[in-house]
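Presented below is the structure to which this report refers.
The values are calculated or read from the model by the stated rules, or taken from the named source; none is laboratory data. Just so you know, these numbers come straight off a predicted model, no measurement behind them. Glycine gets a Cβ as well: all are built from the backbone with ideal geometry, and neighbour counts include every protein chain shown. Each accessible area value is taken on the protein alone, full model and side chains, heavy atoms only, with ligands, DNA and RNA left out. Shrake-Rupley method; radii C 1.70, N 1.55, O 1.52, S 1.80 Å.
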Amino acid sequence: MKEKFSTLWELFSVFFKVGLCTFGGGIAMLPILELELTEKRDWVTSQELLDWFAIGQSTPGIIAVNVATFCGYKKLGILGGIIATFGIVLPSLIIITVIALFINNFADIPWVKKALGGINVAVAAILVSAVYKFSKKSVKNIFGIILLVLAFALIYFFNVSTIWVILGSALLGIIIAAVKGGLKEEKKE
């Protein structure tokens, strides 16, 4: 029982710490989650994390919260999922509540506007880094490159909804795998 409580506390504290770094949203959190969950603790593999990000991106909710729920569930079932989810959500709840209490007093202060502008630039850099790392791990062949370019063009130039791009990509992946006979379970190396 003491070991289970210790693991629950570790789940909560790790995801609370990750939740404190929420600037930039889910994709910006990928490097932080990878460091904490894959490199430091070996709770999940990089591939599991990428899969959870893909699922989290294509389902309702916040990506990082979905990942926390998956990870917590993997570690300790439903209770682990609840604790990890609470851990990642609590910092945002506290921060947003404090900001809401004081936003009218600070919104027009020039140095606050400049600070937020600086944060926006830093978040953009984090997002570019996360997308680069994510694509290096996800795009493994010519099919991936073509799909990446096509998805980008559909979203950026033609304003196609991301849900249609995700569903179309999934369907295309299944069709290509079926044609190649690759729908059998892959063997672990």
What are the radius of gyration and Dmax of the range 20-110, computed over its Cα atoms and given in Å?
15.0, 48
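What FRET efficiency comes out for Phe158 versus Ile119 if R0 is 30 angstrom and r is the Cβ-Cβ distance? Round to the nearest 0.05.
On the way: r = 31 Å, r/R0 = 1.03.
Efficiency computed from Cβ-Cβ geometry: 0.45.
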Full-extension gain between Thr38 and Ile99, please, as 0.36 nm times their residue separation minus the C-alpha to C-alpha distance.
18.7 nm
Listed residues Asp42, Asp51, Asp108; largest mean-square fluctuation, Gaussian network over the chain with Cα springs below 10 Å, found at Asp108
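Which three semi-axes in whole Å describe the equivalent ellipsoid of the range 58-138, each the square root of 5 times a Cα gyration tensor eigenvalue, listed largest first?
Details: eigenvalues 181, 92, 13 Å².
Gyration-tensor ellipsoid for the range 58-138: 30, 21, 8 Å.
Tell me, Kirkwood radius of the chain from alpha-carbon pair distances, in Å?
Details: mean 1/r = 0.0533 Å⁻¹.
Final number for the Kirkwood radius of the chain is 18.8 Å.
With N denoting the number of residues in the range 39-82, provide Rg(C-alpha) divided by 2.2 N^0.38 Å, to two decimal places.
On the way: Rg = 10.2 Å, N = 44, 2.2 N^0.38 = 9.3 Å.
Here the answer is 1.10, to two decimals.
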Taking the square root of 5λ for each eigenvalue of the C-alpha gyration tensor of the range 86-189, the equivalent ellipsoid has semi-axes, largest first and in whole angstrom, of 41, 18, 14
Let me check something: with ligands and nucleic acids excluded, how do Phe158, Phe86 order by accessible area (1.4 Å probe), largest to smallest?
Phe158, Phe86
Of Phe152, Phe102, Phe12, which has the most accessible area with a 1.4 Å probe, and how do the rest follow in descending order?
Phe152, Phe102, Phe12
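How large is the dipole of the range 84-189 about the Cα centre if only Lys and Arg carry +1 and Asp and Glu carry -1, each at its Cβ, rounded to the nearest 20 debye?
Details: 10 positive and 4 negative charges, 74 e Å.
For the range 84-189, the charge dipole is close to 360 debye.
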If you stretched the chain out fully between Ile142 and Phe106, how much longer would it get, using 0.36 nm times the residue separation minus the C-alpha to C-alpha distance?
7.9 nm
